[in-house]
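All remarks here apply to the structure that follows.
The values are calculated or read from the model by the stated rules, or taken from the named source; none is laboratory data. None of these values were measured; they are calculated from a predicted model. FYI the Cβ positions are ideal-geometry reconstructions off the backbone, even for glycines, and counts take in every protein chain you see. We work out accessible area using only protein heavy atoms, side chains counted, and drop any ligands, DNA or RNA first. Shrake-Rupley method; radii C 1.70, N 1.55, O 1.52, S 1.80 Å.
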Amino acid sequence: MQSVFQDLRYALRQLIASPGFSLTAVLSLALGIGATTAVFSVVFGALINPFPFRDAGRIMRLGVWDKAGNGRLINLNGPQIERLRQSPAVDSVIVMDNWSMALTGADLPEEVETIELSSNGFGFLGMPPMLGRGLQPSDAIEGQSPQPVAVLSYKFWRRHYNGDAAAVGKTVQLDHKNYLIVGVAAPRFVWYSADVYLPLNLTQDPVPIYIVDFRLKPGERRETANAALQPLLEQFAKETPRHFPEQFNVGVQGLNDWVVRQIGRTLYLLLGAVGLLLAIGCGNVSILLMARGTARQHELAVRAAVGAARARIVRQLLTESLLLSITGAALGVGAAFAMLAAIRAVLPRYAFAPEVAIAINLPVLGFSVLVAIVTGVLFGLWPALQLSRPAMAQMMQSNTRRLAGSVHGRKTHNLLIAGQIALTLLLLAGAGTAMQGFARIMHTPLGYDPHHVMAVPIPLHEGSFTTWAARSTYLEQLRAKLAETPGVSIAAVSTNGSPPDNGSNTRFEIEGRASIEQPTTLVNYVSPEYFSALRIPLLQGRMWTPDENRTAGPAAVINRTMAQMYFPNGDAIGHAIRLPQLENRPPIVLSAPGVTDQWFQIVGIVADHRNRGLRNPIRPEAFVPWTVCMWEYTEMLVRSEVPPLTLQPAIRKQLTEVNADQQTVSEADDLEEWIADEPEWQQDHLIAWIFSAFSVLALALAAVGLYSVVSYTVTQRTGEFGIRMALGAQRSHVMRIVFSSMLATVGSGVAAGLVFTLALHRVLTSTAESTANDPLILVSAALVLVLVAAISCAIPARRASRVEPMTALRYE
């Protein structure tokens, strides 16, 4: 035991005596471990194990794909749900409906997101409440009104009841109705992000439609389920054609499919990037340890000659390597937590399902630590393993320069350096691609002005303003009151028209034209102030008048894309279109009388604006008065003379002056934030930020590795340089020797990196509108790497050129 402590003290002194070497090796391991663990933890939490529900992989959402490849989730009515339960592919079904209700009884009503959930909901999901009980069959008996009971979400309970367990048994007032609190959901039970869960009374009335999720039977594959459900949904489409595309294929969707589509490839690409970073970090440690070990071979030979056993030397080197590796691993654990916190800070706000819990993945952390320790031990023991090859007397008589300059040693060092440079160039090219794609997204022409514009959601109470006249009058009162708010310049109704992803895809007909396949357009229900609020210019014709808006007049405005696509002769104004798919489902959806048979005359053409995200082509688009079709949930756009979010208290007050029970939003976003919430913006921002950070780290590690090898080479060749300078060599000649010794290594590394980048350019460009084989990106990345390599070589080369000849000759 005493010898072990002796080895440990000696190892510690060795590392302290070489602070540059020790710090570089430790940080290389720490950065590789931390980055790999942090990113994989995100991948595991978001993609591999995102949900805490029972058999979450078998829970599906009912969806279809139209002939254009667009996906749509399907809702069903009560009789259709009963037939769905009997499908041979379906194990069990959960039914729900979502409502925005008002938390009343306080000074100002507060919006509360509620889910009316079928009584089997908690059992279906397999998550018992944290407190009390969940919903049960007696809470919603068919044919009877549901019991006034509620299960609170964990966040709502913490926010409004301060985590008091005595909340169970109390009442909560929603829309002036008291509900008995029977339970508090578990922290990760955030099904559909609701604040409160109420019992659903599922009726056999064919008018109301419900959100439906179901669990596949054990062993059932999605493909066979799609085939089994296709004839059933085709029958449903005949019964309720407005709820289905004209032609479709069933495509059931897993709970996490939308995350995989939006950001899955990005996360896996980042995982590959940090894998490269871990490889570069371990390669850096290998280079440092081998170079240091080569320099110590003469010392180890002397120790062996004076009687030190080979096992004793190996144990000493093993102690040094373990101390170095364990220190790096310990810092890597801390780096993993710090990097995970940093990644969380830049993750898109709505990137994942709300149930996702991202935490350090211990198996991956352990694996990364193991890789780092094995790397340190293996390459730290390299000098001891080399002792068994040459004769001891030959090693003692030879100088360090000969040993270090051996062909085998040079080849090993050069191979590691070249590999490190190649991987770094690959990361730099990926970062350049990501930044170019993000810059393109940031400079995408929007076609509208989102600055100083805020979207204000207006949810109505369930069953309120149930006639078309009452609802249109009330919403116009709210719009007019918002326009009177100090600081507000324009207030407009934008039921479903807030860009950059707006409008409902709807079939339409052109008067006087027969068409076998009905075309589709995006339909927006807005007020005439909408265009002024977003500063979308009118190109031709006019807007509809306030009177036409108040009476749901048959007037429409289309965008330039629709005019060019369907009226190429420039005669769009004066033509009329019909929208046969407009809904009328009182009291949820109230449409103007006879609207499905109404022909809307095109009175104006407006400029295009982004209406299907930041990257997709602009779609044909039609705008009609918002009074044509009104939901129980609408939205208003407010353009202000000051930062719009500062007006939220005043806006809440204005709404309650019209109706004291009108719930107000707790959080609102301006339209600039809406752009930042777009999947394309989030994805490109995430990958650009993290890829750039990792490439900078990789560049630093490669520079340090190259500097270390060149420094050791210069140290080992000090005698040679002294002789050259004593014989008349100039300093520039010595510097040229140092640079030329690394020229082939750096050049081969850059060449290999270019080959890797070109070979993997499809992977690198899979998440950005850019290309990794862009000459500008490749040349820039190569130049940056060559410049860093030149600086890394220049410092030790300059030191070598300043060696005094007599000092160098006495070096050995």
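Given the peptides 113-122, 218-227, 604-613, arrange them by the average over their residues of other C-beta atoms within 10 Å, most packed first. Mind dumping the intermediate values first?
Working: 113-122: 22.1, 218-227: 13.7, 604-613: 20.5.
Those peptides, ordered most packed to least, come out 113-122, 604-613, 218-227.
Which Cα, out of 35, 80, 95, lies furthest along the positive dipole direction of the stretch 1-159 (beta carbon charges, K/R +1, D/E -1)?
35
Give the relative contact order (percent, whole number) for the chain; include only Cα pairs under 8 Å separated by 6+ residues.
Reported relative contact order: 17 percent.
State to the nearest 20 debye the size of the charge dipole of the stretch 52-210 about its Cα centre, where the only charges are +1 on K and R beta carbons and -1 on D and E beta carbons.
540 debye
Can you compute the modelled spin-label distance between residue 239 and residue 786, with each label point 7 Å from Cα toward Cβ, in nm?
7.1 nm
What translational D, rounded to a whole number of µm²/s, comes out for the chain from Stokes-Einstein when the hydrodynamic radius is the Kirkwood one over Cα pairs, at 37 °C and 0.692 mPa s?
It diffuses with D of about 104 µm²/s by this estimate.
Mind checking which of 738, 760, 518 is farthest towards the positive end of the chain's charge dipole, using Cβ charges of +1 (Lys, Arg) and -1 (Asp, Glu) about the Cα centre?
In the chain, that residue is 738.
Of 137, 154, 181, which is farthest on the positive side of the dipole of the stretch 109-246, counting Cα position, with +1 on Lys and Arg Cβ, -1 on Asp and Glu Cβ, and the Cα centre as origin?
Checking the options against the dipole of the stretch 109-246, the answer is 154.
Using a 1.4 angstrom probe on heavy atoms only, work out the carbon and sulfur share of the accessible area of the chain in %.
Using a 1.4 Å probe with all protein chains present, the chain comes out at 60 percent carbon and sulfur.
Please list, or write none, the aspartates and glutamates whose alpha carbon is within less than 18 Å of the alpha carbon of residue 238, excluding same-chain residues fewer than 8 places away.
66, 82, 205, 246, 517, 583
Helix-only estimate, please: 222 nm mean residue ellipticity of the chain, summing -39500 (n - 2.57) across DSSP H runs of length 4 or more and dividing by its residues, to the nearest 500.
Result for the chain, helices only: -16000 deg cm²/dmol.
Using the per-residue mean of other Cβ atoms lying within 10 Å as a proxy for protection, in what order, highest first, do the peptides 327-335, 679-687 fall?
The densest-packed peptide leads the list: 679-687, 327-335.
Using a 1.4 Å probe on the protein heavy atoms only, what accessible surface does residue 793 show? Give it in Å² to the nearest 10.
In the full protein context, residue 793 sits at about 10 Å².
Counting only heavy atoms of the protein chains, get the accessible area per residue of the chain (1.4 Å probe) and round it to a whole Å² value.
42 Å²
Between residue 223 and residue 743, what is the label-to-label distance in nm when each label sits 7 Å out along the Cα-to-Cβ direction?
About 5.8 nm, to one decimal.
For each pair in 155/653; 177/481; 155/177; 177/217, compute the distance between the two Cα atoms and list the pairs where it is over 30 Å. Kindly include the intermediate steps, with their values, before the conclusion.
Values: 155/653 26 Å; 177/481 28 Å; 155/177 22 Å; 177/217 40 Å.
Long pairs (Cα-Cα over 30 Å): 177/217.
Using unit Cβ charges (K, R positive; D, E negative) and no other charged atoms, how large, in debye to the nearest 20, is the dipole of the chain about its Cα centre?
For the chain, the charge dipole is close to 5260 debye.
Through the Karplus equation 6.51 cos²θ - 1.76 cosθ + 1.60, θ set to phi - 60°, convert the phi angles of the stretch 34-41 into ³J(HN,Hα) values in whole Hz; use x for Gly and Pro.
Running phi through 6.51 cos²θ - 1.76 cosθ + 1.60 with θ = phi - 60° gives x, 5, 4, 5, 5, 5, 5, 4 Hz.
About the Cα centre of the stretch 74-126, what is the dipole size in debye to 20, counting +1 per Lys and Arg Cβ and -1 per Asp and Glu Cβ, all else neutral?
About 420 debye.
On a 0 to 90° scale, report how tilted helix 265-295 is relative to the longest principal axis of the chain, with both axes built from alpha carbons and the result rounded to the nearest 10.
Here the helix axis deviates by roughly 10 degrees.
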